[in-house]
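Trainee: Pasting in a structure now, in structure tokens, and then I'll have a few things to ask.
All of the numbers you see were taken from the coordinates with simple rules; none came from a lab. Remember, predicted model here, so these are calculated numbers, not experimental data. Every residue, glycine as well, gets a Cβ built from its backbone with ideal geometry; the counts of neighbours run over all protein chains shown.
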Amino acid sequence: MTGTDERPLLTIDGLTKWYGRQLGCRDVDFDLYEGEVMAVVGESGSGKSTLLQLLSGQMEPSSGCVVYRQRDGSIADVWQMSEPMRRFLFRTDWGYVHQDAQLGLRMGISAGGNVGERLMAVGWRNYAAIRDSAKSWLDRVEIDSNRIDDTPRTYSGGMRQRLQIARNLVTAPRLIFMDEPTGGLDVSVQARLLDLLRRLVADLNIAAVVVTHDLAVARLLSNRIIVMKAGEIIETGLTDQVLDDPSEPYTQLLVSSILPV
Amino acid sequence: MTAPVYNFAYLDEQTKRMIRRAILKAIAIPGYQVPFASREMPMPYGWGTGGVQVTASIIGPDDILKVIDQGSDDTTNAVSIRKFFSRTAGVRTTTATREATVIQTRHRIPETPLTEDQVLVYQVPIPEPLRFLEPRETETRRMHALSEYGLMHVKLYEDIARHGHIATTYAYPVKVAQRYVMDPSPIPKFDNPKLTDCPALQLFGAGREKRIYAIPPYTPVVSLDFDDHPFEPYRHDAQCELCGAADSYLDEVITDDNGSRMFVCSDTDYCETRRATGKGAQQSAPATEHRS
Ligand SMILES: Nc1ncnc2c1ncn2[C@@H]1O[C@H](COP(=O)(O)OP(=O)(O)O)[C@@H](O)[C@H]1O
Ligand SMILES: [Mg+2]
């Protein structure tokens, strides 16, 4: 397809997940457009992580669908795809940033290997080219390229998170999922990471779904916001509008930081 | 005292049939690790119980068995496996590669080219080439199923990043018949080129890990590498000081307490055969070649 495609990149329809008799989330619908950042907020246990796992093809929904517009313009239901296709998508067109960097990185492998893995997975076989690409990505996430051969074990929390981001962005994904990307980091480290994320997402025109319990993160990063409670969306809209003028009592409580998150 | 009565080649017929079915499946899917119900053998793991079970399942009364351990026919391990089969199967044994119909090996491929009439049985400690990077068995199986082998190159990448070259010298990963990535067992990478297009059937048995895999005769086997760091078999830049061979894999042997050392063929049969036919270090050393 040429020019801009106005259709949503991701269309979520009636997404529901039951863990046995325990509800994970129910009847979630929304569209996500190219370059758009969507925040998902809500108290602990409201279904944010469940939703993110369903969206990113890591967990199969009990019902409902996740429809993705591919680079060639064709539309595909993520759970109707073959497993190899889905996994390929996950490694190339999509990214996933875990709150716990240890889940998103190979801790025993050098930073260069961590960043280069996706390239090798899609068939890159030139060592120098892989290394150059890894270097330039370390640079973009503000990691000194002298650290390219060190393992993330020797990295600080903030660096690990930035390395995780580089590892995901190296294949120029169109869509990235983040679960509490700044969770567990010092405030000053958080600020730097947020600033970096905001710039990268804007520069690369990446769409993102960011789960966060931190409304400041939502405000800084996202265009739109989804407020979840007990597994359902209770309010959604433009981030600034929802946060400045919440219509639901629950959101009002959330904004005034009364609810435990 | 009455000697215990064994079935031919120790294993009972039903067990052998089960193992043969696994072997047939392995041959049908070159490089694929077939699970099998590995049996306890009267020797400890690490002594080649996987290879012994494979050999026991394919050997017949007319076979002639050779057993090597790192190229040598006379280590304790090789001798005891040979004895085991001459006692339990009454088969002839040999140290001559040319004469053998079944060769069980630990960590080497003989220098003498193999033929269609031979089967090479490898003893395998760790069959899973992805294990080092991905410890989860469910995940490595899926990676094989979907041919997701990027991780294998991550391992080679790490080698180059650390050492400036691919420093993996043993158990160097290969791709079999353009499909499965396979660990060739801890043979030196010098032996990797012998894996491909080999006239002999190659069978791999891992006892502790309960896996059998195979390379059928004349199967293409490629060592993984990068375009700008191509696979290179390694050999000491020297000749065998006993037989003068300049093409064989060499062991470095310490000869006295002062640290004197010499290079000799790791394949003892190859070396002895050359010497018996009049080849020696002095006679055959080409004048133009010097050891560095
Ligand atoms: N694997 C699971 N098995 C059973 N219940 C689960 C599982 N994961 C989450 N849940 C339940 O689903 C609900 C939503 O959880 P989760 O998506 O983790 O919420 P959040 O990320 O917003 O804290 C909670 O009630 C939680 O206890
Ligand atoms: Mg969560």
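Trainee: In whole Å and largest first, what semi-axes does the C-alpha gyration tensor of the stretch A:1-137 yield when each eigenvalue is scaled by 5 and square-rooted? Intermediate results must be reported in sequence, preceding the final value.
Mentor: Working: eigenvalues 171, 83, 39 Å².
Value: 29, 20, 14 Å, ordered largest first.
Trainee: Towards the positive end of the charge dipole of chain A, with charges on Cβ (+1 Lys, Arg; -1 Asp, Glu), say which of A:76, A:35, A:158 has the farthest Cα.
Mentor: A:158
Trainee: What percent do you get for the relative contact order of the stretch B:135-270 when only Cα pairs under 8 Å and 6+ apart count? Each step should come with its number before you reach the end.
Mentor: Values: 183 pairs, mean separation 21.9, N = 136.
Computed over the stretch B:135-270, the figure is 16 percent.
Trainee: Assign one of three labels to the stretch B:38-78, namely rounded, prolate or oblate, based on the Cα gyration tensor with a ≥ b ≥ c the square roots of its eigenvalues; rounded applies when a/c is under 1.5, prolate when it is not and a/b is larger than b/c, and oblate otherwise.
Mentor: Because a/c hits 1.5 or more and a/b fails to exceed b/c, the stretch B:38-78 counts as oblate.
Trainee: Dipole of the stretch B:49-134, Cα-centred, from +1 at each Lys and Arg C-beta and -1 at each Asp and Glu C-beta, to the nearest 20 debye? Walk me through the intermediate numbers first.
Mentor: On the way: 9 positive and 11 negative charges, 62 e Å.
With Lys and Arg at +1 and Asp and Glu at -1, about 300 debye.
Trainee: Sum up the charges of everything whose Cβ sits under 14 Å from the Cβ of residue A:195, counting Lys and Arg as +1 and Asp and Glu as -1, but leave residue A:195 out. Please report the intermediate quantities before stating the final value.
Mentor: Details: positive: A:140, A:162, A:192, A:198, A:199, A:219; negative: A:142, A:203.
Summing Lys and Arg as +1 and Asp and Glu as -1 gives +4.
Trainee: Can you compute the helix-only [θ] at 222 nm over chain B? Use -39500 (n - 2.57) per DSSP H run of at least 4 residues, normalise by all residues, nearest 500 deg cm²/dmol. Walk me through the numbers before you get to the answer.
Mentor: Working: 8 runs with 79 residues, N = 292.
Rounded to the nearest 500, the figure is -8000 deg cm²/dmol.
Trainee: Also, quick follow-up: Using the Karplus curve 6.51 cos²θ - 1.76 cosθ + 1.60 with θ = phi - 60°, what ³J(HN,Hα) values do you get for each residue of the stretch B:194-209, in whole Hz, with x for Gly and Pro?
Mentor: 6, 5, 7, 6, 7, x, 7, 6, 10, 10, 10, x, 10, x, 4, 8
Trainee: Would you mind checking the radius of gyration and Dmax of the stretch A:102-172 based on alpha-carbon positions, in Å?
Mentor: Final numbers for Rg and Dmax: 10.7, 31 Å.
Trainee: Moving to a separate point now. Between beta-carbons, use under 10 Å as the cut-off and find the net charge around residue A:239, counting Lys and Arg +1, Asp and Glu -1. Show your work: numbers first, answer last.
Mentor: Values: positive: A:219, A:224; negative: A:240, A:244.
Residues near residue A:239 contribute 0 overall.
Trainee: Give me the dipole magnitude in Debye, nearest 20, for the protein assembly as shown about the Cα centre, with unit charges on the beta carbon: positive for Lys and Arg, negative for Asp and Glu.
Mentor: Working: 61 positive and 72 negative charges, 278 e Å.
In debye, rounded to 20, the protein assembly as shown gives about 1340.
Trainee: Sticking with this structure for a sec: Whole number please: convex hull volume per residue of the Cα set in the protein assembly as shown, in Å³?
Mentor: Numbers: hull volume 122.1 nm³, N = 553.
Normalising the Cα hull of the protein assembly as shown by residue number yields 221 Å³.
Trainee: When a/c reaches 1.5 or more, the comparison of a/b and b/c decides; with that in mind, is the stretch A:122-261 rounded, prolate or oblate per its Cα gyration tensor? All intermediate terms of the calculation are to be shown ahead of the outcome.
Mentor: Details: a/c = 2.88, a/b = 2.09, b/c = 1.38.
Judged from the Cα gyration tensor, the stretch A:122-261 comes out prolate (a/c at least 1.5, a/b above b/c).
Trainee: Right, something else. Can you report the principal axis dimensions of the stretch B:142-216 using only the alpha carbons, biggest first, rounded to whole angstrom?
Mentor: On the principal axes, the stretch B:142-216 reaches 36, 30, 27 Å in Cα extent.
Trainee: What trypsin sites (Lys or Arg not before Pro) in the stretch B:155-193 are in a loop by DSSP, with at most 15 other Cβ atoms within 10 Å of the Cβ?
Mentor: Working: sites: B:155, B:162, B:175, B:179, B:189; in loops: B:179.
Those that pass, being in a loop and sparsely packed, are B:179.
Trainee: Over all alpha-carbon pairs in the stretch B:88-170, figure out the percentage whose distance exceeds 22 Å. Kindly include the intermediate steps, with their values, before the conclusion.
Mentor: Working: 1788 of 3403 pairs.
It works out to 53 percent of all Cα pairs.
Trainee: Would you mind ranking B:152, B:43 so that the residue whose beta carbon has the fewest other beta carbons within 10 Å leads the list? The partial results should precede the final answer.
Mentor: Values: B:152 20, B:43 15.
Listed from fewest to most nearby Cβ atoms, that is B:43, B:152.
Trainee: What GluC sites (Glu not before Pro) in the stretch A:1-45 are in a loop by DSSP, with at most 13 other Cβ atoms within 10 Å of the Cβ?
Mentor: On the way: sites: A:6, A:34, A:36, A:43; in loops: A:6, A:34, A:36, A:43.
Sparse-neighbourhood loop GluC sites (Glu not before Pro): A:6.
Trainee: Further, regarding this structure: Size of the dipole of chain A about the Cα centre, Lys and Arg at +1 and Asp and Glu at -1 on the beta carbon, nothing else charged, in debye to 20? Walk me through the numbers before you get to the answer.
Mentor: Details: 28 positive and 34 negative charges, 206 e Å.
Using Cβ point charges on Lys, Arg, Asp and Glu, chain A gives about 980 debye.
Trainee: Between A:71, A:118, A:153, find the one with the highest GNM mean-square fluctuation for chain A; connect C-alpha pairs within less than 10 Å.
Mentor: Maximum among the listed residues: A:71.
Trainee: Assuming a ≥ b ≥ c are the square roots of the Cα gyration tensor eigenvalues, decide whether the stretch B:1-148 counts as rounded (a/c under 1.5), prolate (otherwise, with a/b larger than b/c) or oblate.
Mentor: The shape class here is prolate.
Trainee: Send over the semi-axes of chain A's equivalent ellipsoid, whole angstrom and largest first, taken as the square roots of 5 times the C-alpha gyration tensor eigenvalues.
Mentor: Values: eigenvalues 177, 101, 56 Å².
Working through the eigenvalues yields semi-axes of 30, 22, 17 Å.
Trainee: Can you give the local net charge around residue A:79? Use residues other than it whose beta-carbon is closer than 14 angstrom to its beta-carbon, Lys and Arg +1, Asp and Glu -1.
Mentor: On the way: positive: A:17, A:86, A:87; negative: A:13, A:60, A:77, A:83.
Result for the neighbourhood of residue A:79: -1.
Trainee: While we're on this one: Going by how many other Cβ atoms sit within 10 Å of their own, how do A:25, B:198 line up, fewest first?
Mentor: Details: A:25 28, B:198 22.
Listing A:25, B:198 from fewest to most nearby Cβ atoms yields B:198, A:25.
Trainee: Now for a separate question. Kindly provide the pair-distance distribution of the stretch B:176-286 built from C-alpha pairs, with 5 Å bins from 0 and whole-percent values in order of increasing distance.
Mentor: 2, 10, 15, 16, 15, 15, 13, 9, 4, 1
Trainee: Mind putting together the pair-distance distribution for chain B? All Cα pairs, 5 Å bins, whole percent per bin, short to long.
Mentor: Calculated P(r), rounded to whole percents: 1, 5, 11, 15, 17, 16, 13, 10, 6, 3, 1, 0, 0, 0.
Trainee: To continue, here is another question. With all pairs of different alpha carbon atoms counted, what Kirkwood hydrodynamic radius in Å does the stretch A:47-198 show?
Mentor: Hydrodynamic radius (Kirkwood, Cα only) of the stretch A:47-198 equals 16.3 Å.
Trainee: Along the charge dipole of the protein assembly as shown, pointing to its positive end and built from +1/-1 on Cβ of Lys, Arg, Asp and Glu, which listed residue (B:160, A:238, A:111) has its Cα farthest out?
Mentor: Of the candidates, B:160 comes out farthest on the positive side.
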